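First comes the structure, then the notes that go with it.
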Amino acid sequence: MTDSENKAPLKKKGGARPGAGRKPLIGAKTTTVILTEDLLIQLKRLGGSSWIRSQIAATTKPSPTKVADELFNSLPIPAEEISVEKAPDNSMDRAGIHEGTVLFLRKKAKAQVGNIVLLEYAGKKTLRRFTASERGFRLVPESSDSGLTDFILPRGAELAHSGIVVYVLSEPK
């Protein structure tokens, strides 16, 4: 008897067994795409099915301007009373408004306690929350920057502001 006859047959890899095979994406359906050999090579170079999914997702995601237009048209405020601006600074970053965040402002509205207002101070635009105080009204930043200060508005004084923030449009993190 030779050595090769004494050895047990080698176990082969693969085959049907529980838990084997490619795991499906949750909620995904398999489909067929017919491509020429050249296009199939190019598709594999681009990343295969994950590249296709990313391309479809990119084309179906609403653009920020489309979202802004739809939002603008759905607000229960006359269009002539609304302006759209970007947050000029991080003076309200703890309230989720960071520099560059798109703001929908109501112009010509009287500020109420709790409103966030866009105003000009020392030649620069900034945001503050309108609150009450013993001496009048306070305009308070909600910022991680401790160098920003409150403004006191004496009772009876008019607040000159660009508008009251009625909606904030920000990108998801």
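What number of residues within the range 100-138 satisfy the criterion of being in contact with a Leu (Cβ under 9 Å, 6 or more places away or on another chain), of a type in the set (A, V, I, L, M) and within 15 Å of Glu158 (Cα to Cα)?
Total satisfying the criteria: 4.
In the range 114-170, how many are in a loop (DSSP other than H, G, I, E, B), in contact with a strand residue (DSSP E or B) (Cβ under 9 Å, 6 or more places away or on another chain) and within 28 Å of Leu75 (Cα to Cα)?
10
So which residues in the range 125-158 are surrounded by fewer than 16 Cβ atoms within 10 Å (Cβ to Cβ) and at pLDDT below 80?
Answer for the range 125-158, where residues must be surrounded by fewer than 16 Cβ atoms within 10 Å (Cβ to Cβ) and at pLDDT below 80: Ser133, Glu134, Arg135, Gly136, Pro154, Arg155, Gly156, Ala157, Glu158.
Could you grab the pairs with beta carbons closer than 7 Å, sequence gap of 6+ or different chains, first residue in the range 107-123 and at positive phi, second one loosely packed, with under 15 Cβ neighbours inside 10 Å and not basic (Lys, Arg)?
Lys108/Glu81
The values are calculated or read from the model by the stated rules, or taken from the named source; none is laboratory data. Since the structure is predicted, the reported quantities are computational estimates derived from the model, not experimental observations. In this analysis, Cβ positions are derived from the backbone assuming ideal geometry, glycine residues included, and neighbour counts consider all displayed protein chains.
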